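Input: one structure, supplied below.
What follows draws every value from the coordinates through simple rules; no lab data is involved. Nothing here was measured: the structure is a model prediction, and the numbers come from that model. Cβ placement follows ideal geometry from the backbone for every residue including glycine, while neighbour counts extend to all protein chains displayed.
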Amino acid sequence: MNVFVIHSGADYDATSSIISTLKKKEYSLNTLILKNGSCFWKIDASQKIKKSQMVLFVVGEKSHQSPYIAWEIKEAIKFRKPIYILKLNDKNQLHNALFVEDTFSKERKNYGKVVTVEEISNVIKSYNAGDYGLFNGMPSELNQEALLEQYKLFLQTSEDLVTRRQNVNSFYISISSALVAIMGVLFAMDFGHMSELIIGFAFCIVGIILSVSWSKSLSCYGNLNSSKMKIISSIEKQLPLSLFDAEWAALSDRLNKKKYVSFTESEQAIPRLFGLLYSVIIIFIIISFFLN
């Protein structure tokens, strides 16, 4: 597990001691720390934060005053990384960059979570076990009826996600088809050669932007669905049957050595084809412009 560590230079020794303690508990822990004196520290920090699964902020006496720490915290929030806060002293102040405005209530709330070394170790252990801190307590001690009800509710969100994904596909297909049809009608009308080129070029640019947006939306839905399936799989391990894992095993057995193509990959072929079509039209427009 990759963990990006935010700390003040003055707290380096204390931070190293904490990391050493965590690594003794969790051998798979890979801490990502910035090199001192690097001219390109922001690029380095951004890459390491993006690569990490979580961020550990070691709060020292003067950490709240550091503009560098503020930048790192904001970058972690931008990449939506969970931030766990470990105070070297209970009296140490939290950095203002941690407090972000809630979208609905408009209140400023702490984005991070204050924890102990033992709690951090448990978070890492939970992540490595594949349940990502899913269970509040030991799974064997959970109320099975409540677990089943929550499982049903979460399963419904997965089904709703598929419906939303289909609606997104229908929307973009309709818009893209309409765009191509309008372009065909406009080219058939006599607006003048130059006017047709400008209109066609503008429509193609809009089409390419739509295709990129469409492809990114499908990628986001694919990632979200994959995350949901991992959580569903973790819950099913506490239930009598692991239906989705069995379904995947059966599918893998049937496909045998054939390459599996996910729905996301298949669906993304459509916006790519539209994007290719618009690109080809733009090339013809440019050639036509220079020939006339």
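Label 7 Å along Cα→Cβ of Ile205; the range 264-278 residues with amide nitrogen under 20 Å?
274-278, by backbone N distance to the label point.
Net charge near Ala10, counting Lys/Arg +1 and Asp/Glu -1 over other residues with Cβ under 12 Å of its Cβ?
Values: positive: Lys62; negative: Asp11, Asp13, Glu61.
Local charge sum for Ala10: -2.
If I build a Gaussian network model for the chain, linking alpha-carbon pairs within less than 10 angstrom, which residue out of Gly200, Gly184, Gly222 has the largest mean-square fluctuation?
Ranking Gly200, Gly184, Gly222 by mean-square fluctuation puts Gly184 first.
Residue by residue through the range 269-279, which ³J(HN,Hα) values in whole Hz follow from phi under the Karplus form 6.51 cos²θ - 1.76 cosθ + 1.60 (θ = phi - 60°), with glycine and proline marked x?
Working through the residues one at a time gives 5, 5, x, 5, 5, 4, x, 5, 4, 5, 5 Hz.
Which far-off residues, 5 or more places away or on another chain, put their amide H under 5 Å from the one on Lys87, with H placed in the peptide plane?
Val59, Val115
Once the other residues with Cβ under 15 Å from the Cβ of Gly222 are scored (Lys, Arg +1; Asp, Glu -1), what is the net sum? Walk me through the numbers before you get to the answer.
Working: positive: Arg164, Arg165, Lys216, Lys228, Lys230, Arg272; negative: Glu265, Glu267.
Within the 15 Å Cβ shell, the charges total +4.
Gln166: net charge of surrounding residues, Cβ under 12 Å, Lys/Arg +1, Asp/Glu -1, itself excluded? Present the calculation step by step, with values, prior to reporting the outcome.
Values: positive: Arg164, Arg165; negative: Glu159, Asp160, Glu267.
Result for the local shell: -1.
Taking GluC sites (Glu not before Pro) as exposed when DSSP calls them loop (any state but H, G, I, E, B) and at most 15 other Cβ atoms lie within 10 Å, what is the longest stretch of the chain free of them, the sites themselves excluded?
108-292
What residues qualify as long-range amide H neighbours of Thr31, i.e. H under 5 Å apart, gap of 5 or more or another chain, H built at 1.01 Å from N?
Residues meeting the criterion, in which the H sits 1.01 Å from N, are Val3.
As an exercise, take the mean of 1/r over every pair of distinct alpha carbons in the chain, invert it, and state the Kirkwood radius in angstroms. Walk me through the numbers on the way to the answer.
Values: mean 1/r = 0.0423 Å⁻¹.
It is 23.7 Å.
Then there is this: Chymotrypsin sites (Phe, Trp or Tyr not before Pro) within the range 67-107: which are DSSP loop residues with at most 16 other Cβ atoms inside 10 Å? Display every interim value, and only then the final one.
Details: sites: Tyr68, Trp71, Phe79, Tyr84, Phe99, Phe104; in loops: Phe79, Phe104.
Sites meeting the loop and neighbour criteria: Phe79, Phe104.
Restricting to DSSP H runs of at least four residues, report the calculated mean residue ellipticity at 222 nm for the chain, -39500 (n - 2.57) per run over all residues, nearest 500 deg cm²/dmol. Could you put the intermediate results ahead of the total?
Numbers: 8 runs with 181 residues, N = 292.
After summing the helix terms and dividing by residue count, I get -21500 deg cm²/dmol.
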